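Below is one structure; the comments refer to it alone.
The values are calculated or read from the model by the stated rules, or taken from the named source; none is laboratory data. Remember, it's a predicted structure, so these values are computed and weren't measured experimentally. Ideal geometry is used to build each Cβ from the backbone, glycine not excepted, and the neighbour counts take in all protein chains shown.
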Amino acid sequence: MAILDTITKGILQQIDPKGFLQQGAFNLRYNGSSLCHGDSEHVKIVRKKDKPGIDVYIDAGAQGEQVHIPVVLSASGMVDIVYNDFYVADGAEVTIVSGCGIHNSGCDEARHDGIHAFHIGKNCIVRYEEKHYGEGEGTGKRILNPVTQAEVGEGSVLYLDTAQIKGVDSTVRKTEIDLGPDAKLNLTERLMTHDNQIAQTGMEVRLNGENSSAQLVSRSVAQGRSRQIFHPRAVGKNKCKAHIQCDSILMDGAEVASIPEIDAKHLDAAIIHEAAIGRINDEQLLKLRSLGLSEQEAENVIIEAFLQ
Amino acid sequence: MLKVENLTFEVNENGAKRDIIQNVSFQLDDGEMLVVTGPNGGGKSTLAKVLMGVERASAGRILLDGQDISSLSIDERAKAGLGFAFQQPPRFKGMTVGRLVGLAAGRPLSDDACCEILSRVGLCAREYLKREVDGTLSGGEMKRIEIATVLAKEHKLAIFDEPEAGIDLWSFSLLTQEFERLHRRGGQSLLLISHQERIIRMADRILVIEGGRMAALGSRDELLPGLIGQGSYQDCARLSCAEGEEQHGNP
């Protein structure tokens, strides 16, 4: 078992709340290379030969198994680009806990670009959880640019749960999902920005298969002078259902732009979008204050719950 | 004990001042139940909000156990012992019912304790604990959860603003039983804003607010016949308010 330093342990607690135990199938990428790795009976992790990254092979015997593949960057000035592919066999059920934390104590920027591609077979259930987090006393920026691509096979369900907790100066997130017949996507994005941070999210879901469906929920809080831009897009190419919901809480001098796009290319494509941006509701504050919470405590509770 | 002295709340409308509440004075003893009733738009809910500190009084005093709480903020009044069930409770995205009830209790609650509180308002508790207090709940469910947030803690004075609004008959019956139980148990004073005869019948005393003024204040036996059409509460009002004048100096 690899011995981890205090900074790495602290970051792992933030980005892998299920617990990074170095058991079963796991891979810890640390400052650009694999620090430790393990396979399980049904999940094999193979290092790529042509570029940085791993191939994760999940066979049908995986039923309720977890795979932990966190990334920790603590070297200021490092740019780490990684390509991870996930091959999920028909009928498998798996939870993949990913995420990246940057500790930057220097004056140079530290950047991680994780390009994750999912190749999901038929009748699978895949849960993908990804948390992003930044910390460190340095002036160097902490940058995360994740790309998530997925082909979801017939009858499969993909739960995509992404969260940017705090401390990330700049992020450009790109998500592209293709859904086959009877495939389902449940995407939840939670985002917190503060100070002068910038976050851009572009997600496109293509509902290619008959009876495919997608639920996209984005909740964000923008504080300080941060800026967020959302551009979710659902394209219905068959008989399908999709629902996009973007809610943002705006605070201080922050800015949020939400540009949902729905594109129906089939008569039986039913697609809905909702977007709301606003400050914290006064009535919510009054209710919590009537329970004895101070205004600041009430605000914190509302934000915490909203991003839960 | 709550003592309200010459409470006035005015608003500025296009440069002109208008009284929403004018010179309201009454006293509420420990364990007493006062039902505030009267026509729509008469100022009942505003009175409740002014008592809780949601709105600030323009004049007058509010004393709780002798302490002047008129200048306290809403959260300070909550800490002083006031509980308040809003007429139209807000929805919270992401907040679970269990979390909200726990916040209301002011201490961590076990699932069982939380369920017990919710069952008092007729909610089949365990299935609600993880549900969000958002648009997926009906108006009636929201209302009952709102009442549960007040029941979650012992208060010196619990104020309920139209607790019956939006609640089905079965739940309403359960709710009145809960108010009766609270009242019988004593300890905390209860102030209910209501139009419901069944709730008005539970009151020790009744305050009628009309046009922002006290139209009547008296015991249930004095005022109820007039309120349910067997007489005129205005007759009683003259009597009761005359008594009030002596006590509180009302006009």
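Details
- Some residue of segment B:74-81 being within 23 Å of B:VAL54 (Cα to Cα), facing chain A (nearest Cβ under 9 Å), among the acidic types (Asp, Glu) and within 17 Å of the chain's Cα centre (by Cα): yes
- Strands (runs of 3 or more DSSP E) fully within segment B:1-56 counting 3 or more residues that are touching a residue at least 12 places away in the same chain (Cβ under 8 Å) and over 28 Å from B:PRO225 (Cβ atoms): B:2-13
- Boolean, A:SER294 is more than 30 Å from A:PRO181 (Cβ to Cβ), among the hydroxyl-bearing types (Ser, Thr, Tyr) and surrounded by 18 or more Cβ atoms within 10 Å (Cβ to Cβ): no
- Residue, nearest to the other protein chains (Cβ to nearest Cβ), within segment A:278-296, restricted to residues that are charged (D, E, K, R), part of a helix (DSSP H, G or I) and farther than 14 Å from B:ALA104 by Cβ: A:GLU283
- Of the numbered criteria (1) in contact (Cβ under 8 Å) with a residue 24 or more places away in the chain; (2) under 27 Å from A:TYR133 (Cβ atoms); (3) more than 10 Å from chain B (Cβ to nearest Cβ), the one A:ILE249 fails is (3).
- Those residues of segment A:36-68 which are part of a loop (DSSP other than H, G, I, E, B) and surrounded by 15 or more Cβ atoms within 10 Å (Cβ to Cβ), in sequence order: A:ASP39, A:SER40, A:HIS42, A:PRO52, A:GLY53, A:ASP59, A:ALA60, A:ALA62
- For segment A:211-229, a residue qualifies if it is within 14 Å of A:LEU187 (Cα to Cα) and of a type outside the set (Gly, Ala, Ser), and the qualifying residues are A:GLN215, A:LEU216, A:VAL217, A:ARG219.
- Options A:GLY136, A:GLY99, A:GLY121: the member that is at pLDDT 95 or above and among the small types (Gly, Ala, Ser): A:GLY121
- Qualifying residues in segment A:218-248 (those that are of a type in the set (A, V, I, L, M) and either at pLDDT below 95 or more than 19 Å from the chain's Cα centre (by Cα) (or both)) - the one nearest to A:ALA276 (Cα to Cα): A:ALA242
- Given (1) in contact with a strand residue (DSSP E or B) (Cβ under 7 Å, 6 or more places away or on another chain); (2) surrounded by 20 or more Cβ atoms within 10 Å (Cβ to Cβ), index of the condition B:PHE92 fails: (1)
- Within segment A:297-308, restricting attention to residues that are surrounded by fewer than 17 Cβ atoms within 10 Å (Cβ to Cβ) and either at the interface with another protein chain (Cβ under 7 Å from one of its Cβ atoms) or of a type in the set (D, E, K, R) (or both), the residue that is farthest from A:ILE249 (Cα to Cα) is A:GLU297.
- Verdict on B:VAL121 being surrounded by 22 or more Cβ atoms within 10 Å (Cβ to Cβ), on the phi < 0 side of the Ramachandran plot and within 14 Å of chain A (Cβ to nearest Cβ): no
- If you go through segment B:88-112 and keep only what is modelled with pLDDT of 95 or more, more than 8 Å from chain A (Cβ to nearest Cβ) and more than 14 Å from B:LEU137 (Cβ to Cβ), you end up with B:GLY102, B:ALA105.
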